[in-house]
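In what follows, a single structure is set out as structure tokens and then discussed.
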């Protein structure tokens, strides 16, 4: 039976439906949302051929007209010109202020569709149907939307909460192995920041999960959503606590930017970022070397990178300074104190950051 969680945001609260076959709930979910106009579906060139026909069929079952927009898959499509194309297609297709948008795809699709919903006609509802692990456990929940700029990841966007999230585990079966492994990085992250038992589950079951034992993935996906929903409910717009969800991301986003979003998938960059954060915390005496080895070993067990010999240290530091988490020139770092517990630090020097990036290069 599907599990339903709630993101408790008062009159903007919304359900997260998790389980096999929850995509079939879409007609009923659509009927419950007071949006009577044409539905716009945003997808990409990888996911569209697999699942768009089924989603369009379910939208029609709900008695609604539908317009679909597909863009080339990949982080390089996450740009303002694609956002303009989405809005243009939906204007031509008859969407208006009574309409609704569905995001069908991974994190890039969800971020772009959510941003489009947030700004189209000054804001219309949207539904998330995430098709990758990274989007199911992270980007589909919480209302962060946006696009990249050449100088920084997700620097242009809005907070716009979905009306519902449908996490269908069946959709993961077509996920390429590399995407599967990259998504695991966000689950490992949730374990480090909030749940030592979740982290231990990912350690113990690495081989079986990579062999696609789906029964072992349902718990970490659900637990990750529970963690994120609780944090978002307490700090929706990232004024404090929500920043802990960025563990590994201050370094990771900079690594994505300096590699022009082409070398690493998001989860791979987050794994590198967690490695750098671990080295930094160890250097500060917050954790010991055993923590660093354990975290790196867990990531390595899933084929995630924990070192990058060619990291351009100075260029990465410059990219970090352009991160949207910078406040008055000060970077926030989420750093571990133990598996299951992290804190925010704003007193980190540039030299200490440089040391963490040098450590990421590995031994000479």
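Quick note: the coordinates plus some simple rules give every number you see, no bench work behind them. Because the structure is predicted, anything quoted here is derived from the model rather than measured. Please note: Cβ atoms are built from the backbone with ideal geometry, for glycine as well, and neighbour counts cover all protein chains shown.
With r as the distance between the Cβ atoms of residue 330 and residue 263 and R0 = 30 Å, compute the FRET efficiency 1/(1 + (r/R0)^6) and round to 0.05.
Calculated value: 0.60.
Could you work out how far the C-alpha centroid of region 251-312 sits from that of region 1-67, in angstrom? With region 251-312 and region 1-67 each reduced to a Cα centre, they are spaced 35 Å. Among 75, 57, the ranking by other beta carbons within 10 Å of each residue's beta carbon, starting with the fewest, stands as 57, 75.
When you have a sec, figure out the Kirkwood radius of region 1-48 from all distinct Cα pair distances and drop it here in Å to one decimal?
Result for region 1-48, one decimal place: 13.0 Å.
The chain gives an Rg/Rh value of 0.96, both radii derived from C-alpha positions and Rh following Kirkwood. Label zone (residue 11, point 7 Å along Cα-to-C-beta; backbone nitrogen cut-off 18 Å) within region 126-157: 126.
Model label sites at residue 318 and residue 196, defined 7 Å from Cα along the beta-carbon direction, differ in position by 4.3 nm.
Calculated on C-alpha atoms, the gyration radius of region 3-174 divided by its Kirkwood radius gives an Rg/Rh of 0.92. Each of 197, 11 was scored by other Cβ atoms within 10 Å of its Cβ. Arranged with the fewest first, they read 11, 197. Segment residue 284..residue 297, full-extension length gain: 2.6 nm, with 0.36 nm per residue of separation and the alpha-carbon distance subtracted. Note on residue 1 and residue 237: the extension gain reaches 81.7 nm, defined as 0.36 nm multiplied by sequence separation minus the Cα-Cα distance. Among 180, 166, 25, the largest mean-square fluctuation in a Gaussian network model of the chain, built with springs joining Cα atoms closer than 10 Å, belongs to 25. Only helices enter the 222 nm calculation for the chain: every DSSP H run of n ≥ 4 contributes -39,500 (n - 2.57), and dividing by all residues gives -13000 deg cm²/dmol, rounded to 500.
In terms of Cα atoms, the Rg and Dmax of region 114-245 work out to 15.3, 48 Å. A convex hull fitted to the Cα coordinates of region 253-320 yields 84 cubic angstrom per residue.
With a simple spin-label model that places each label point 7 Å from the Cα along the Cα-to-Cβ direction, the separation between residue 96 and residue 24 comes to 3.6 nm. Show log10 I(q)/I(0) for region 226-364 at q = 0.14, 0.16, 0.22 Å⁻¹, two decimals, from a solvent-free Debye sum over equal Cα scatterers. So the normalised log intensities are -0.61, -0.81, -1.53. Extension gain for residue 65 to residue 358 (0.36 nm times residue separation, less C-alpha to C-alpha distance): 100.0 nm.
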